[in-house]
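Here's a structure for you.
The values are calculated or read from the model by the stated rules, or taken from the named source; none is laboratory data. Computed from a prediction, not measured in an experiment: that's the story for all the values here. So basically every Cβ, Gly included, is an ideal-geometry build from the backbone, and we count neighbours across all protein chains shown.
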Amino acid sequence: MREAHGLLAAVGVPLAFNQMPYSLLARQIEHNGVMATARNLGVKILAYSPLAQGLLSGKYKAVAPPKGGRQLNPQFGAEGLFRIEPVIQMLREVGEQYDRTPSQVALNWAIAKGTVPIPGAKTPDQATENAGALGWQLAAEDVAALDRVTADLS
């Protein structure tokens, strides 16, 4: 990112965004220097897959894993879903305080971390639900609680 930033700056083009996978289940950029470098350079992170392909929506359960292509991904298998149950429970608990869904809480967490989440939506209802992550803010203690419950998952 530093090299791209420098090359672009040399020709008068600012590097404004860097699209990276980032969610409660994919927090590697917090640890590998990408997020710190982006902040240092004034580059915003576009959080790709902020709902972890729907894992953070709470709609998948270990007792009933999804069908289709997702069943090939170990994260969507019974073991992977069981592993993230504490996260889903925390998203639900936090969401109850704000009258929000797990997806909305997960997206708001990404916003609280200084990123611009870009969630997917297959239906108008999902797009509407995603929009419900805007216009409010998680309390710092809720962000910290979500950080703790996901610290060892990415």
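Is there any pair linking a residue in region 2-22 that is surrounded by fewer than 15 Cβ atoms within 10 Å (Cβ to Cβ) to one that is among the aliphatic types (A, V, I, L, M), with Cβ under 6 Å and at least six apart or on different chains, and which?
Qualifying pairs under 6 Å: Ala4/Leu15; Leu8/Leu15; Phe17/Leu46; Gln19/Leu46.
Would you say Val43 is free of Cβ contacts under 8 Å to residues at least 60 places away in the same chain, over 24 Å from Glu141 (Cα atoms) and of a type in the set (Val, Ile, Thr)?
yes
Here is a further query. Check Leu81 against each of (1) among the aliphatic types (A, V, I, L, M); (2) over 18 Å from Gln126 (Cβ atoms); (3) in contact (Cβ under 8 Å) with a residue 40 or more places away in the chain; (4) assigned to a helix (DSSP H, G or I) and name the one condition it does not meet.
The failed condition is (3).
Exactly one of these conditions fails for Pro117: (1) of a type outside the set (S, T, N, Q); (2) in contact with a Pro (Cβ under 9 Å, 6 or more places away or on another chain); (3) touching a residue at least 12 places away in the same chain (Cβ under 8 Å); (4) not in a strand (DSSP E or B). Give me its number.
It fails just one condition, (4).
Give me the pairs, please: first residue somewhere in region 125-145 and loosely packed, with under 12 Cβ neighbours inside 10 Å, second residue anywhere and not in a helix (DSSP H, G or I), beta-carbon distance under 9 Å, and either six or more positions apart or on two chains.
Thr128/Ala121
What tally of residues in region 95-151 results from selecting those that are over 22 Å from Met20 (Cα atoms), out of contact with any Phe, Trp or Tyr (no Cβ under 7 Å at 6 or more places or on another chain) and of a type in the set (Ser, Thr, Tyr)?
Within region 95-151, residues that are over 22 Å from Met20 (Cα atoms), out of contact with any Phe, Trp or Tyr (no Cβ under 7 Å at 6 or more places or on another chain) and of a type in the set (Ser, Thr, Tyr) number 3.
Next question, about the same structure. Tally up the residues in region 57-79 that are closer than 23 Å to Asn130 by Cβ, among the small types (Gly, Ala, Ser) and in contact with a Pro (Cβ under 7 Å, 6 or more places away or on another chain), please.
2
Mind counting the residues in region 34-77 that are modelled with pLDDT of 80 or more and among the small types (Gly, Ala, Ser)?
Summing the residues that are modelled with pLDDT of 80 or more and among the small types (Gly, Ala, Ser) in region 34-77 gives 9.
Quick check, is Gln89 polar (S, T, N, Q), closer than 23 Å to Ala62 by Cα and assigned to a helix (DSSP H, G or I)?
Yes; evaluated as a whole, the condition is true for this residue.
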